Amino acid sequence: MKNKIELKADIQLVVVAIIWGSGFIATEYAIQANMSVSLIMVMRFSVAALILILTSIKQLKLIKGKELKHGIIAGCILFLAFYAQTIGQSQTTVSNSAFITATNVIMVPFIVWIMTRKRPPAKSFILAVVTLLGVGILTISPKNGLSSFNFGDLMIFVCAVGFALHIAYLEIAVKSSSAKIITLIQITTAAILSSIVLVIFDLDSFYTVNWESALPAVLYLGIFSTCICYFMQTSAQKHTTASKTGIILSMEGFFGTLFSVILSLEPLTAKIIVGGAIILSAVILTEVDIKSKHKNKV
């Protein structure tokens, strides 16, 4: 029964990765409508927070102090990761951003080890490295490689640490808490912090947006990529490990590229096929219990 529940949780995470992959396209449409990345953050988190609040009115009175604390901490980490990514993406290349962000998959097992004082299985570390290799093939140009490390890359690295911390922290937070309440509090926290930053640093961007084009994109990001996905991730992490979560969610970049190919935004290349195959193989191997198979053979 436990294996079936864990498999269901892992499938949920694959769905999250697919939706997040499609979110790259929605984000691109929002940017083309002259919407700043900081405004996109405000809109996606605010739309998601509103939906979660409206669908959780009866549960709001039942929020425990522990859930409030975990949700606020998770929300602060999530906001910092997104904000660092926002700064970094404006000052580095797409390949640098994609690859450095993906290094979070390597960090997750170590952060879990530090937080819980329990060493993840060796397979988690090996598959994390394999996944990063696949992401590298998928995102790094053979001609240009990674450009020289700069401040933008440093911010993307901070973003990667933030996403790794978020995944690892959720493993602890959701074990004794309601997934929906944790999701509600963390998304609301991120929405409030994003709004404060927008008002202080980027309020003028609100008035230059082509809302007719931008609104469908940010509604998609708010409803699907944020509200639904973060609830699915949080609930899934009740039944699977943070290390496995990091590996599965790393498929986001592959699915983003796949959607770009399907929509003819970029051509299908050998590196997409090879990189995607390696990432997919790593995800499949997370479901294989090597020890059990060895015992059965013996």
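What follows draws every value from the coordinates through simple rules; no lab data is involved. This is a predicted model, so every value here is computed, not measured. Please note: Cβ atoms are built from the backbone with ideal geometry, for glycine as well, and neighbour counts cover all protein chains shown.
Give the residue list of trypsin sites (Lys or Arg not before Pro) in region 53-120 that are DSSP loop and have at most 10 other beta-carbon atoms within 10 angstrom.
Values: sites: 58, 61, 64, 66, 69, 117, 118; in loops: 61, 64, 117, 118.
Qualifying residues, ordered by number: 61, 117, 118.
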Residue span residue 270 to residue 53: 0.36 nm per residue of separation minus Cα-Cα distance leaves a gain in nm of 73.6 nm
Tell me, in nm to one decimal, what length is gained between residue 11 and residue 239 on full extension, where the rule is 0.36 nm per residue of separation less the Cα-Cα distance?
80.9 nm
If the cut-off is a Cα-Cα distance under 15 Å, which aspartates and glutamates reach residue 271, setting aside same-chain residues fewer than 8 apart in sequence?
none
Residues of type aspartates and glutamates that residue 180 reaches as a straight line, Cα spacing below 16 Å, ignoring anything fewer than 8 places off in the same chain:
67, 171
Theoretical ellipticity at 222 nm over the chain - DSSP helices of four or more residues, -39500 (n - 2.57) apiece, nearest 500:
-25000 deg cm²/dmol
If you build a Gaussian network model of the chain, linking Cα atoms that sit under 10 Å apart, which residue out of 104, 34, 150 swings the most?
150
Based on the Kirkwood radius over alpha-carbon pairs, what value in µm²/s does the Stokes-Einstein equation return for the translational diffusion coefficient of region 202-292 at 4 °C and 1.567 mPa s?
80 µm²/s
Given labels modelled 7 Å from the Cα in the Cβ direction, how far is it in nm from residue 122 to residue 91?
4.1 nm
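Assuming 0.36 nm per residue, please report the length gained on full extension of the stretch residue 277 to residue 62 beyond their Cα-Cα distance. Could you put the intermediate results ahead of the total?
Details: separation 215, 0.36 × 215 = 77.40 nm, distance 4.52 nm.
Here the segment from residue 277 to residue 62 would lengthen by 72.9 nm.
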Under the classification rounded if a/c is under 1.5, otherwise prolate if a/b is larger than b/c and oblate if not, where does region 71-114 fall, given a ≥ b ≥ c as square roots of the Cα gyration tensor eigenvalues?
oblate
Below 8 Å between Cα atoms, with a sequence gap of 6+, how large is the relative contact order for region 2-297 in percent?
41 percent
Please quote Rg/Rh for the chain to two decimal places, taking the Kirkwood radius as Rh and restricting both calculations to Cα atoms.
0.96
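Is there a pair in 61/175; 61/118; 64/118; 8/238 whose C-alpha atoms are over 23 Å apart, and which pairs would that be? Write down the numbers at each step before the final one.
Values: 61/175 20 Å; 61/118 35 Å; 64/118 27 Å; 8/238 11 Å.
Cα-Cα > 23 Å for 61/118; 64/118; rest within.
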Report relative contact order for region 20-136 in percent, whole number only (criteria: Cα-Cα under 8 Å, sequence separation at least 6).
19 percent
At a Förster distance of 41 Å, what's the computed FRET efficiency of residue 29 paired with residue 3, Cβ-Cβ distance as r, to 0.05?
0.55
